[in-house]
Amino acid sequence: MTFKIIVMIIVAYLLGSIPSGLWIGKFFYHKDIRQLGSGNIGTTNTFRTLGPKAGVVVLVIDILKGTLAACQPYFWGVSASVNPLLIGIFASLGHTVSIFDHFHGGKAVATSAGILLAYNPPLFGVACLIFIGTLLLTSMASVASIIGITSVFIIALCEHDWILSLVAGILTAVVLNRHKSNIKRILAGKESMVDFGLGHYLRQHHQNNK
């Protein structure tokens, strides 16, 4: 059992470490996404700098990284003894400190969502609705990400799922830490917005009326 757990942890970390945004940018667009936009290799910056097609591909890959990592206990037939969340969290670790990107990485939002998809698909659906709803209201992917992961933590506490509460709490702390610069810009009213949603409309309306 110990050997299987070690293998699953290593595989989860390596899966999470795949820098999809960086590699897609280099191989298909001949651009280093780290030098564009916010410099982040995740979905939002990929959408912004490489376009919707690349952004969707990166989003799907980053979610799958977490899902495949967390599904390993099912594949090995040890899910009764090893909670998928405790393996999947190493994919989020890999995403934030990737061995393939000099131990740098993204903000772990999509990969963490993938872990939740493997563990609790209905809650994953709820988290997606919260993310999309917040994005449409604020037009800020950073706000949607923070509220989405925090909501999962709160729901897990309410449902007395202590392992999910622990993992979601850790991931919430990671996401908040990785969004420190975003939070400063949000408080200053200078955070970047997507070009749709209520927040974008209100900002454009305000600028046009100056």
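Values quoted throughout were computed directly from the atomic coordinates according to the rules given, and no laboratory measurement underlies them. Please read all numbers here as calculations on a predicted model, not as lab measurements. Using ideal geometry, Cβ is built from the backbone for each residue, glycine included, and neighbour counts are taken over all protein chains shown.
Laid out as a table, the results:
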{"quantity": "Computed lengthening from residue 137 to residue 74, 0.36 nm per intervening residue step minus Cα-Cα distance", "calculated": "18.9 nm"}
{"quantity": "Relative exposure of 32, 195, judged by other C-beta atoms within 10 Å (fewest first)", "calculated": "195, 32"}
{"quantity": "DSSP-loop chymotrypsin sites (Phe, Trp or Tyr not before Pro) across segment 35-116, with at most 11 other Cβ within 10 angstrom", "calculated": "103"}
{"quantity": "Residue 128 paired with residue 181, simple spin-label distance in nm, labels 7 Å along Cα-to-beta-carbon", "calculated": "3.0 nm"}
{"quantity": "Options 105, 69, 11, ranked by Cα towards positive dipole end of segment 2-208, top entry (Cβ charges)", "calculated": "105"}
{"quantity": "Dipole magnitude of segment 2-208, debye to nearest 20 (Cβ charges: Lys/Arg +1, Asp/Glu -1, about Cα centre)", "calculated": "560 debye"}
{"quantity": "At least 18 Å along the helix axis (C-alpha) and Kyte average at least 1.0, DSSP helices within the chain", "calculated": "2-17, 52-76, 84-96, 121-138, 141-158, 162-178"}
{"quantity": "Residue-averaged 222 nm ellipticity for the chain, from DSSP H runs of 4+ at -39500 (n - 2.57), nearest 500", "calculated": "-24000 deg cm²/dmol"}
{"quantity": "Top positive-direction residue, dipole computed over segment 2-208 with Cβ charges, set 138, 148, 83", "calculated": "138"}
{"quantity": "Sequence-separation-based contact order of segment 1-102, relative, with Cα cut under 8 Å and 6+ spacing, percent", "calculated": "40 percent"}
{"quantity": "Normalised contact order of the chain, rounded percent, pairs of Cα under 8 Å and 6 or more residues apart", "calculated": "18 percent"}
{"quantity": "Paramagnetic reach from residue 7 in segment 78-96 [backbone N under 13 Å; point 7 Å along Cα→Cβ]", "calculated": "78"}
{"quantity": "Other-chain or far-sequence residues with amide H under 5 Å of residue 98's (modelled H)", "calculated": "103, 104, 105"}
{"quantity": "Selection from 37, 179, 169, by position along the positive dipole direction of the chain (Cβ)", "calculated": "37"}
{"quantity": "Least to most buried among 44, 49 (fewest other Cβ within 10 Å first)", "calculated": "49, 44"}
{"quantity": "Difference of contour (0.36 nm per residue) and Cα-Cα distance, residue 23 to residue 103", "calculated": "27.3 nm"}
